[in-house]
Amino acid sequence: MPATKKKNVKKSNTIKLKFDTSWNYAPAPESKSAATIKKQYDLFINGEWVKPLSHKYFDTSDPANEEKLSEVAEANAADVDRAVKAARNAYEKVWKKMPAKERAKYIFRIARMVQERARELAIIESMDGGKPIRESRDFDIPTAANHFFYYAGWADKLDYAFPNRNTNPLGVAGQIIPWNFPLLMAAWKIAPALATGNTVVLKPAETTPLTALKLAEIIQESGLPEGVVNIVSGGGATGAAIVNHPDINKIAFTGSTEVGKLIQKSIAGTNKKITLELGGKAANIIFEDAPIDQAVEGVINGVYFNQGHVCCAGSRLYIQESVAPELIRKLRDRIETLIVGDPLDKNTDIGAINSKQQLDTIRRYLKIGKEEGYEMYESSCPLPAKGYWCRPTIFTDVAQSARIAQEEIFGPVLAILTFRTDDEVIQKANNTPYGLSAGVWTDKGSKIFNLTKRMRAGVIWANTFNKFDPSSPFGGYKESGFGREGGLHGLLPYVNLSH
Amino acid sequence: MEKEIKKSSLSVSENGIEKKISPKRLEVLKTYKIYIGGQFPRTESGRYYVAVNAAGKQLANVCLSSRKDFRDAVVSARNAFAGWSERAAFNRGQILYRMAEMLEGRKIQFTDELMQQDVPKAKAEKEVNLAIDRLIYYAGWCDKYQQVFSAVNPVATSHFNFSVPEPTGVVSIIAPQEDGLLGLISVVAPVIAGGNTCIVLASGSKPLCAVTFAEVINSSDVPGGVVNILTGKVSELSSWFVSHMDVNATIYCEKDSTVQKMMQDKAALNVKRVIFYDKINWNTDEGQSPYLIMDTQEIKTTWHPIEHIAGSGGGY
């Protein structure tokens, strides 16, 4: 449905926001000196740093300048086995016997120490993953600390979470986390597992292992009994060794739907419990009665937050036809103002794409979008010479069947579609294999609840987007996975209930 | 009087600090004052009583708080209520945890005070440890009791209907007489964890820890007025605690049935909630529960229409 709509653009009565200014932002870089990164990291097993039996290390680099930051041990199956044995030993001998309120105090300690070292963690998060320091400083790290704090409190209160049942831990949890929110995902995984009395073998993502290894340092300093948390870095093979290890009782995975399906398949026939938090293609729906300027900000935050490396990103925008021209114009104006560049600069809105590989994926989708005939608009901002970058991009006049409207791109790319009726947009929004999140923008409360009821998604944001809280459950419907993380419901995947 | 002072006892280091405490050094005694609105005033009445231990040793002159002190404290508590109840529950949790941290750092002081008030050492240490753990227990509840006690109600009409607990307001508390520290913390923590503010009358016979605990509160980012601590006589103050028209609930922890009846009677003045904790053993886990938080909560139900325009939706 290309380019016939242009003529119909009505003259808008609203004032065009004037972003042009002679004022430029002076650089406001965060100092790297507040962070310590070792030259080499070993595996954290049984409370100690140990050399990998694989004898292999791999580099982790800064995607903003392609410079090597450190090298990290690559765990093979034998290393994973060592970690699982340590976790099993800690589970049987210490952790499951410990009074719940003492367990709680360890987790509270970890929360406090993450808070104490928040600045350092934020800097490393931005260096290793490319996300803007404003996001790592104001969102990732504090939310990670808060997750530990929140779940610490649950440890001795499980009887109230599951009335009329006894709660028992599962045993050893194998946890595999993604590269988009490295420390936060580690917290989402470790905190509820420990609170419910499980021990952990966690694998951080290959491109962003550093903050998880820093967390290992914190765990060591906290005096947590050895073996309760083990952190083994590595790639896909390391993950597979965790998934297939016979002495693991629970797999918690956050990542792509593709890998999630493989994991679900490979544990078939075992007694392993599993939670999957997978991909998404969230519909963000704007009705004509929505507060338009707020909605514009919500859309920008919804899709460009963390370079769009967000499984719940609002990457499919549905605009009611009557307000579409105005909204699209405002969105185009708004992305022109986004500052793309140095992740450590406090002015930066969009940092570096996490890896070369991910940048290639995004570029492939940009090409597909153009080839399928959709109108592409990208910000005209300059990009740094080195590193991996992508301008914030909008596709308009996108069809429901377009690949850029169906598949998860995981980058700063927004597909815009339009609709006329409630019925139509509900149909369109639900017409995807995913079901992680959705957004609704309208001034009418009764319409919000109509939509939240009909959306087949695990999290619905109304007149806001990308909000997270330790007390609020998060997770998907359909192929976005199952199980919830966060809140009271986030305890359930880590317990067996008995009479 | 000793005529000779040993040289070693006077020896000072180069910077003038004593190397060891001279036997001649006179101890500085603490003035035990009350705690209102984040300040440590003396009672406006100017009256005092002498706290003594079982052997009759004088421990301190303690404020004999008046009705006016109580009224001042209610004003402070009411003023603090909006800010405290509207804080993020998570933030209240952080502050209660901070109180536990501060108490942990002053364990020795509290153990010592309990011992002065005739508690044997082992028991005193246990009481202080329990008190710290109890604060942590309630720090954890601050952002969780709502999840346990709220409900989304499946009403038959097309409405989104939910019920959530909210703090009742200003709570007056007469703390347990027996456990000077643990009793006080056990009744105050659930009240403030739930977002209420309070005025608490400390144990009359064991008031020292209550006043010292005010110092813990004062250094834990608890806003002034959230907890107000008075010392004095139950017999003088209990009727004012329960008859004040700007107090929403009263907690009483003793078994005195005459006082209980008086309280139930006077509470009717403004339909105050009266809560008796006369059967709880604060020294066990029985002394802590989210139901104690719920005792000073109201339940608020909200109705909101759900539009039914589209016919489709659940199909996928």
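The values are calculated or read from the model by the stated rules, or taken from the named source; none is laboratory data. Note that the structure is a prediction, hence the values are computed from the model and not measured. Note: ideal-geometry Cβ built from the backbone for every residue, glycine included; neighbour counts use all protein chains shown.
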Check your understanding: Which is closer than 24 Å to A:Asp128 by Cα and either of a type outside the set (Asp, Glu) or touching a residue at least 40 places away in the same chain (Cβ under 8 Å) (or both), of A:Val84, A:Val72?
Key -> A:Val72
Point to revise | All positions within the stretch A:175-202 that are over 15 Å from the mean Cα position of the chain (by Cα) and either over 21 Å from A:Gly235 (Cβ atoms) or outside the structural domain of A:Gly130 (by TED's automatic domain parsing) (or both) | key: A:Ala191, A:Pro192, A:Ala193, A:Leu194, A:Ala195, A:Thr196, A:Gly197, A:Asn198, A:Thr199
Study note, to complete from the structure: Here, helices (runs of 4 or more DSSP H) confined to the stretch B:220-316 with at least 3 residues that are in contact (Cβ under 8 Å) with a residue 12 or more places away in the chain and either more than 20 Å from B:Asp179 (Cβ to Cβ) or away from chain A (no Cβ under 14 Å) (or both) are B:234-243, B:257-267
Check your understanding: Which ones in the stretch A:194-216 are buried (at least 24 other Cβ atoms within 10 Å of the Cβ) and small (Gly, Ala, Ser)?
Key -> A:Ala195, A:Ala205, A:Ala212, A:Ala216
Check your understanding: Just a yes or no: is a residue in the stretch B:101-121 in contact with a Ser or Thr (Cβ under 8 Å, 6 or more places away or on another chain), touching a residue at least 60 places away in the same chain (Cβ under 8 Å), within 14 Å of chain A (Cβ to nearest Cβ) and under 30 Å from A:Tyr151 (Cα atoms)?
Key -> yes
Review point. Quick check: is even one residue across the stretch A:453-469 of a type in the set (Asp, Glu) and either touching a Leu at 6+ places or on another chain (Cβ under 7 Å) or closer than 30 Å to A:Arg391 by Cβ (or both)?
Key: no
Study note, to complete from the structure: Considering residues that are hydrophobic (A, V, I, L, M, F, W, C), part of a loop (DSSP other than H, G, I, E, B) and surrounded by fewer than 24 Cβ atoms within 10 Å (Cβ to Cβ), the number found within the stretch A:265-304 is 4
Check your understanding: Going by the conditions given, is A:Asn168 surrounded by fewer than 20 Cβ atoms within 10 Å (Cβ to Cβ) and away from chain B (no Cβ under 14 Å)?
Key -> yes
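Do we have A:Ile353 as modelled with pLDDT of 95 or more and outside any loop (DSSP other than H, G, I, E, B) here? Working first, answer last.
Numbers: modelled with pLDDT of 95 or more: yes; outside any loop (DSSP other than H, G, I, E, B): no.
Spelling it out, it is not the case that A:Ile353 is modelled with pLDDT of 95 or more and outside any loop (DSSP other than H, G, I, E, B).
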Practice item. Report yes if A:Thr432 is surrounded by 19 or more Cβ atoms within 10 Å (Cβ to Cβ), touching a residue at least 12 places away in the same chain (Cβ under 8 Å), assigned to a strand (DSSP E or B) and of a type in the set (S, T, N, Q), otherwise no. Key: no
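Test of understanding: among A:Asn466, A:Asn450, which residue is within 14 Å of chain B (Cβ to nearest Cβ), in contact with a Gly (Cβ under 9 Å, 6 or more places away or on another chain) and either surrounded by 18 or more Cβ atoms within 10 Å (Cβ to Cβ) or not in a loop (DSSP other than H, G, I, E, B) (or both)? Give the derivation first.
Details: A:Asn466 fails: within 14 Å of chain B (Cβ to nearest Cβ).
Being within 14 Å of chain B (Cβ to nearest Cβ), in contact with a Gly (Cβ under 9 Å, 6 or more places away or on another chain) and either surrounded by 18 or more Cβ atoms within 10 Å (Cβ to Cβ) or not in a loop (DSSP other than H, G, I, E, B) (or both) holds for just one of A:Asn466, A:Asn450, which is A:Asn450.
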Review point. Can you tell me which residue in the stretch A:453-463 is farthest from the other protein chains (Cβ to nearest Cβ), limited to those that are in a loop (DSSP other than H, G, I, E, B) and farther than 29 Å from B:Phe90 by Cα?
Key: A:Met455
Review point. Would a scan of the stretch B:191-201 turn up a residue that is of a type outside the set (Val, Ile, Thr), within 30 Å of A:Asn450 (Cα to Cα) and within 14 Å of chain A (Cβ to nearest Cβ)?
Key: no
Review point. Does at least one position in the stretch A:481-488 carry a residue that is within 14 Å of chain B (Cβ to nearest Cβ), surrounded by fewer than 24 Cβ atoms within 10 Å (Cβ to Cβ), hydrophobic (A, V, I, L, M, F, W, C) and in a strand (DSSP E or B)?
Key: no
Exercise for review: List the helices (runs of 4 or more DSSP H) that sit entirely inside the stretch A:54-129 and contain at least 2 residues that are away from chain B (no Cβ under 14 Å).
Suggested key: A:77-90, A:118-129
Revision key, fill the gap. Checked pairs for the stretch A:134-163, first at the interface with chain B (Cβ under 10 Å from one of its Cβ atoms) and farther than 23 Å from A:Met98 by Cβ, second surrounded by fewer than 24 Cβ atoms within 10 Å (Cβ to Cβ) and at pLDDT below 95, C-beta under 9 Å and 6 or more apart or across chains, list as none
Review point. If you scan the stretch A:412-426, which residues turn out to be in a strand (DSSP E or B) and within 14 Å of another protein chain (Cβ to nearest Cβ)?
Key: A:Phe419
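What helices (runs of 4 or more DSSP H) lie completely within the stretch B:83-183 and have 2 or more residues being out of contact with any Leu (no Cβ under 8 Å at 6 or more places or on another chain) and under 19 Å from B:Ile217 (Cβ atoms)? Break it down into steps so the answer makes sense when it comes.
Details: elements: B:89-105, B:107-116, B:121-141, B:145-149.
The helices (runs of 4 or more DSSP H) meeting that bar are B:89-105, B:107-116, B:121-141.
Return the total of residues in the stretch B:156-182 being within 14 Å of chain A (Cβ to nearest Cβ) and touching a residue at least 60 places away in the same chain (Cβ under 8 Å). Steps first, please.
Residues of the stretch B:156-182 that are within 14 Å of chain A (Cβ to nearest Cβ), as a first pass: B:157-162, B:164-165.
Checking the rest, the ones that are also touching a residue at least 60 places away in the same chain (Cβ under 8 Å) come to B:158-162, B:164-165.
Total satisfying the criteria: 7.
Please specify each residue of the stretch A:45-69 satisfying the condition of being on the phi > 0 side of the Ramachandran plot and either within 24 Å of the chain's Cα centre (by Cα) or not assigned by TED's automatic domain parsing to the domain that holds A:Val200 (or both).
The first filter runs over the stretch A:45-69 and keeps only residues on the phi > 0 side of the Ramachandran plot, leaving A:46-47, A:55, A:66.
Within the stretch A:45-69, just A:Glu66 meets the criteria.
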Check your understanding: Only one of these conditions is not met by A:Lys356: (1) surrounded by fewer than 18 Cβ atoms within 10 Å (Cβ to Cβ); (2) out of contact with any Phe, Trp or Tyr (no Cβ under 9 Å at 6 or more places or on another chain). Which number is it?
Key -> (2)
